[in-house]
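Scroll down for the structure; my scribbles are underneath it.
The values are calculated or read from the model by the stated rules, or taken from the named source; none is laboratory data. All values derive from a computational prediction rather than experimental measurement. All Cβ positions, even for glycine, are placed from backbone atoms using ideal geometry, and neighbour counts span all protein chains on display. Each accessible area value is taken on the protein alone, full model and side chains, heavy atoms only, with ligands, DNA and RNA left out. Shrake-Rupley method; radii C 1.70, N 1.55, O 1.52, S 1.80 Å.
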Amino acid sequence: MRTLSDIAEEYDFLEGDERYRLLIELGRELEPMPDALKTDATLVRGCSAAVWVYPTGDAERLHFLADSNAAITKGIVSLVIAAVQDKPAAEVAQMDVTAALEPFDLRNQLSSNRTQGVPNMIALVKEHAARIAAG
């Protein structure tokens, strides 16, 4: 998976439809999430499309699987995951993921129905991290 800074550098260079294509490409690059993990417990609430996030790894190296049934939304969740992937759970629990995503200016780049679930994606990732960090 690409780092968030590498993605931001490429994203900044692009415009309009090229940014959409990059998001779709990022979604395609997500590690496959088995259908068995796409349950009500892993579903992110408040998204216009179905989004699932599942934590793996441990407190030292938190790893997430994620998926969506919509291409752009899958790209957005891949940005959220890129911000936290393989970091210690305690760090992720305290991290300002919203600030990490600011270079992408998603609110102004995408329609509000595509971005409405982003805070919920972030909240779910941070909740998983806090639970895992606490042991």
task = Select from region 1-86 those GluC sites (Glu not before Pro) which occupy a DSSP coil region and have at most 15 other Cβ atoms within 10 Å, ordered by residue number.
result = Glu15, Glu60
task = Using the Karplus curve 6.51 cos²θ - 1.76 cosθ + 1.60 with θ = phi - 60°, work out ³J(HN,Hα) for each residue of region 8-17 in order, rounded to whole Hz, and write x for Gly and Pro.
result = 4, 4, 5, 4, 4, 6, 8, 9, x, 4
Note, ³J(HN,Hα) from phi for region 43-59, Karplus 6.51, -1.76, 1.60, rounded to Hz, x at Gly and Pro = 6, 7, 6, x, 9, 6, 10, 6, 9, 10, 9, 10, x, 10, x, 9, 4
query = What longest region of the chain stays clear of trypsin sites (Lys or Arg not before Pro) that DSSP places outside H, G, I, E and B and that have at most 12 other Cβ atoms within 10 Å?
reply = 62-135
key: Cα pair distances of the chain binned at 10 Å [whole percent]   = 13, 47, 34, 6, 0
query = Could you work out the helix-only [θ] at 222 nm for the chain, with each DSSP H run of four or more residues adding -39,500 (n - 2.57) and the total divided by the number of residues, to the nearest 500 deg cm²/dmol?
reply = -15500 deg cm²/dmol
query = Cα axis of helix 71-84 to longest principal axis of the chain: angle in degrees, 0 to 90, nearest 10?
reply = 50
query = Across 5 Å bins from the origin, how do the percents of Cα pairs in region 61-135 run, short distances first?
reply = 3, 16, 29, 24, 15, 9, 3, 0
key: Phi to ³J(HN,Hα) by Karplus 6.51 cos²θ - 1.76 cosθ + 1.60 over region 100-106, Hz, x for Gly, Pro   = 5, 8, 4, x, 8, 6, 4
remark   = Longest principal axis of the chain (C-alpha) makes with the long axis of helix 118-134 (C-alpha) an angle, in degrees to the nearest 10, of 20
message = Under 5 Å between amide hydrogens, which residues at least 5 positions from Phe64 or on another chain qualify, with H placed 1.01 Å from N in the peptide plane?
response = Thr56, Asp86
remark   = Taking a probe of 1.4 Å and leaving out DNA, RNA and ligands, the chain shows per residue an accessible area in Å² of 52
key: Alpha-carbon centroids, region 102-135 and region 63-85: separation in whole Å   = 10
Local electrostatic count, Thr42, Cβ distance below 13 Å [Lys/Arg +1, Asp/Glu -1] = -2
task = Search the structure for amide H atoms under 5 Å from the amide H of Val51, placed 1.01 Å from N in the peptide plane, and list their residues when 5 or more places away or on another chain.
result = Val44
